[in-house]
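Colleague: I have a structure here, written as structure tokens, and I will follow up with some questions on it.
The values are calculated or read from the model by the stated rules, or taken from the named source; none is laboratory data. This is a predicted model, so every value here is computed, not measured. Here the Cβ is made from the backbone with ideal geometry for all residues, glycine too, and neighbour counts use every protein chain on show. The accessibility values were calculated without ligands, DNA or RNA, using every heavy atom of the protein model including side chains. Shrake-Rupley method; radii C 1.70, N 1.55, O 1.52, S 1.80 Å.
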Amino acid sequence: MVTSGTPAAVAVHESAPPARWVVRVAHIAALTAVPSGIWRITMGLGIPVGFDTKGLHVPGWFSIMCIAMSLGVEGLTLLTLGLVKPWGEVVPRWIPLIGGKRVAPLAAVIPASLGAAVLMLLTIPNARGFGGAPGAPTGLALAVMDACYAPLLLWGPLLGIVTIAYYRRRLN
């Protein structure tokens with residue numbers, strides 16, 4: 001129940017709050033894209049990371065694409081937090097047309113489940129690393145690139161865990 005004196009940013013849960021371990025898992029999932037984003041931005045800024053960037057306009061449009069892709073991916077990882085935060089249950093009031101309305105559980109569960117499945121399909125084939133890919137680095141540079149992209153292997157499964165917890169919490 002929301003009273004008239006309650007700030008719009010504070011939503012009251014009708015369902016039980018998420019377990020602490022689920023909140024931690026959601027935060028870890030949100031951080032899985034940070035290392036690869038930093039690596040990608042570094043490459044986009046023209047700092048040598050071992051990847052062949054000849055003909056890619058660095059600095060230039062390719063740099064903008066690397067930064068935009070990194071920010072976009074991190075934005076998607078942050079959506080995982082909606083499964084453990086109040087804005088995952090009640091749309092913030094400042095959002096036009098739908099602000100203040102409850103989020104239908106399946107409106108979050110279906111895209112999150114599909115996202116987790118797609119992430120696993122995209123990342124698991126690269127679990128062995130990127131060696132041999134056209135233009136990929138070799139040696140130490142490849143090890144650094146693989147280490148930066150390895151956390152992405154966790155994003156899909158962690159998102160799946162948080163999604164199941166959200167579903168169980170919201171529908172029980």
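Colleague: Condition test on residue 109, is it within 22 Å of residue 33 (Cα to Cα) and buried (at least 16 other Cβ atoms within 10 Å of the Cβ)?
Modeller: Working: within 22 Å of residue 33 (Cα to Cα): yes; buried (at least 16 other Cβ atoms within 10 Å of the Cβ): yes.
Spelling it out, residue 109 is indeed within 22 Å of residue 33 (Cα to Cα) and buried (at least 16 other Cβ atoms within 10 Å of the Cβ).
Colleague: Right, something else. Within the set of pairs 6 or more residues apart or between chains, which connect a residue that is within 26 Å of residue 14 (Cα to Cα) and free of Cβ contacts under 8 Å to residues at least 24 places away in the same chain inside region 103-123 to a residue that is open to solvent by 50 Å² or more (accessible area, probe 1.4 Å) and part of a helix (DSSP H, G or I) with Cβ atoms less than 9 Å apart?
Modeller: 103/87; 106/167; 106/171; 111/79
Quick grid of which residues meet (1) closer than 25 Å to residue 43 by Cα; (2) open to solvent by 70 Å² or more (accessible area, probe 1.4 Å); (3) touching a residue at least 60 places away in the same chain (Cβ under 8 Å); (4) not hydrophobic (A, V, I, L, M, F, W, C):
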| site | (1), (2), (3), (4) |
| --- | --- |
| 73 | yes, no, no, no |
| 92 | no, no, yes, yes |
| 96 | no, yes, no, yes |
| 100 | no, no, yes, yes |
| 160 | no, no, no, yes |
| 168 | no, yes, no, yes |
| 171 | no, yes, yes, no |
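Colleague: Another one. Those residues that are over 28 Å from residue 163 (Cα atoms), of a type outside the set (D, E, K, R) and exposed (fewer than 13 other Cβ atoms within 10 Å of the Cβ), I need them from region 19-56; list them, please.
Modeller: Hits for region 19-56 are 47, 48, 55.
Rundown of residues vs (1) within 25 Å of residue 20 (Cβ to Cβ); (2) in contact with a helix residue (DSSP H, G or I) (Cβ under 8 Å, 6 or more places away or on another chain); (3) at pLDDT below 95; (4) not aromatic (Phe, Trp, Tyr), yes/no style:
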residue	(1), (2), (3), (4)
84	yes, yes, no, yes
94	no, no, yes, no
115	yes, yes, no, yes
136	no, yes, yes, yes
160	yes, yes, no, yes
164	yes, no, no, yes
